[in-house]
Amino acid sequence: MADLKTNFLGIESPNPFWLASAPPTDKEYNVRRAFEAGWGGVVWKTLGAEGPPVVNVNGPRYGAIWGADRRLLGLNNIELITDRPLEVNLEEITRVKKDYPDRAIIVSLMVPCEEAAWKAILPRVAETGADGIELNFGCPHGMAERGMGSAVGQVPEYIEMVTRWCKENYDKPVIVKLTPNITDVRFPARAAKAGGADAVSLINTINSIVSVDLDQMAPEPIIGDKGTHGGYCGPAVKPIAMNMVAEIARCPQTHGLPISAIGGITTWRDAAEFMALGAGNVQVCTAAMTYGFKIVEEMISGLSQWMDEKGYTSTEDFIGMAVPNVTDWQYLNLNSISKAKIDQDACIKCGRCYAACEDTSHQAIAMSEDRTFTVKDDECVACNLCVNVCPVENCISMVELQPGELDERTGETVSAEYANWTTHPNNPSAQAAE
């Protein structure tokens, strides 16, 4: 049976599923319930400097995006860091870590961008026995306006500076949480590494307004009669998060830097995909807020079963396996040619493929009088739009042509040789190089 135990930065946990720093990890009560449900670790909700606690709004804190079946696709939140006293949080962390020594506890931190502020809080966190810290350089609302959160995370020089302060004054792992609200995530990742970070975690939430109330004419959620931008998370952000994780994993300057992946992880498959792209573990928030802590049971059983089927005995067996296959567009094989194929036995004759291809693609699907849909190989460019709009799984597939076969669209024989845009005769740069 597959062993889901993970060792991330020397921090052992029974599985790779951690709860991210957020409302689910705001207090002792929540964290104990999470550990009893089976979570391998938690990142405690972000702590701030000692003094008057942060003040959160007392009205609605979430906006939402739903699918047609009312399934939650994304949450927008305007909540800030913990609004409970620092001392109370530290006492609770100490107790929980003592009672659950086999579970990972990471403390998320956000204090002013001043060395004295970091030097003041780090020894107090160390006394709790927590396994490490996560520097919250990602929060896009409320705290950024105070010079913290993403205001730091968007400036690589600040990231390197604060990370170095923490490494000099704290002797356990330092994880840097990156903001996605930046042009190129590789630059802050490089800065974190330069500052001595043991790992990075990403992504934090994305700046967003998810809806506007057209009666009150204000963005939701509405506090009084106004709204504001917030942080977007949930299944809808997963593709963005995976791309950023992959960019860091394959960048020569950051390749090998441990990654804790965050962003829309709802199932075991989501977790496995992130790990295949280089993440050592995953952090979950929205899924737990939507379905409760026991969702981790399905994640654990699903990942374990999949690993058994694949013959993986440890998560280390597949972490990073997909990274070598992530490339830039210019290196894709232009001699790899496919055609769509419709399984007539599975087809329900809805016509979605035809409408999509006829109106918005390459007019490569024909419809007979009895609504039988067939692919025109002499028009099909293999865009696979038909596959994605078809409501029947596996009804339409992409079949790759083999070397020596004729591509009816171009009239050329498929070549077995690899060819990409860098050497293509239509590429001006390639011609200039010659």
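Each reported figure results from applying straightforward, stated rules to the coordinates on display, with no laboratory input. For clarity, every value in this text was computed on a predicted model and none was experimentally measured. Note: ideal-geometry Cβ built from the backbone for every residue, glycine included; neighbour counts use all protein chains shown.
Annotation: amide H of residue 108 within the under-5 Å range of 44, 47, 134, sequence separation 5 or more or interchain, hydrogens built in the peptide plane.
Here the calculated FRET efficiency for residue 114 and residue 91, from their Cβ-Cβ distance with R0 = 30 Å, stands at 0.75, rounded to the nearest 0.05. Backbone amide hydrogens, once placed in the peptide plane, bring residue 199 within less than 5 Å of 174, 176, excluding anything fewer than 5 places away on its chain. Computed from backbone phi, the HN-Hα couplings of the stretch 71-79 come to 6, 6, 9, x, 10, 10, 10, 10, 6 Hz, rounded to whole numbers (Karplus: 6.51 cos²θ - 1.76 cosθ + 1.60, θ = phi - 60°; Gly and Pro given as x). The H on the amide N of residue 8, modeled in the peptide plane, is under 5 Å from the matching H of 13, each at least 5 residues off or on a different chain. Each of the trypsin sites (Lys or Arg not before Pro) that DSSP puts in a loop and that has at most 16 other Cβ atoms within 10 Å breaks the chain; the longest unbroken stretch is 72-293.
So I have [x] 64, 47, 41; [y] 73, 56, 50; [z] 94, 54, 49, and one of them is Cα extents along the principal axes in Å calculated from this model. Which one is it? The value computed from this structure is option [y].
What you get for the chain, charging only the Cβ of Lys and Arg (+1) and of Asp and Glu (-1), is a dipole of about 1180 debye around the Cα centre. Net charge of the neighbourhood of residue 385, taken over other residues with C-beta under 15 Å away and scored Lys/Arg +1, Asp/Glu -1, is +1.
Looking at the chain alone, DSSP beta bridges between its own residues are antiparallel in about 50 percent of cases.
Placing unit charges on each Cβ (+1 for Lys and Arg, -1 for Asp and Glu) gives the stretch 330-433 a dipole about its Cα centre, and among 390, 418, 401 the Cα reaching farthest toward its positive end belongs to 390. Within a straight-line Cα-Cα reach of under 24 Å, residue 172 can be paired with the following lysines, leaving aside sequence neighbours fewer than 8 residues apart in one chain: 5, 27, 45, 97, 98, 119, 193. Computed from label points 7 Å out along Cα-Cβ, the spacing between residue 68 and residue 102 is 4.6 nm. Think of the chain as having a plus end and a minus end, set by charges on the Cβ of Lys, Arg, Asp and Glu; of 265, 363, 129, 129 sits farthest toward the positive end of this dipole. Label-to-label distance for residue 12 and residue 331 is 3.8 nm, based on points extended 7 Å past Cα in the beta-carbon direction. Using the Cβ-Cβ distance between residue 216 and residue 305 with R0 set to 35 Å, the FRET efficiency from 1/(1 + (r/R0)^6) comes to roughly 0.15. Helix 295-310 and the long axis of the chain differ in direction by around 50°, with both axes built from C-alpha atoms. Normalised by the number of residues in the chain, the mean separation of alpha-carbon contacts (under 8 Å, six or more apart) gives a relative contact order of 13 percent.
Please compute the modelled spin-label separation between residue 269 and residue 415, points set 7 Å along Cα→Cβ, answer in nm with one decimal. The answer from the label model is 3.7 nm.
When DSSP assigns beta bridges and you keep just the ones with both residues in the stretch 202-350, what percent turn out antiparallel, to the nearest 5?
60
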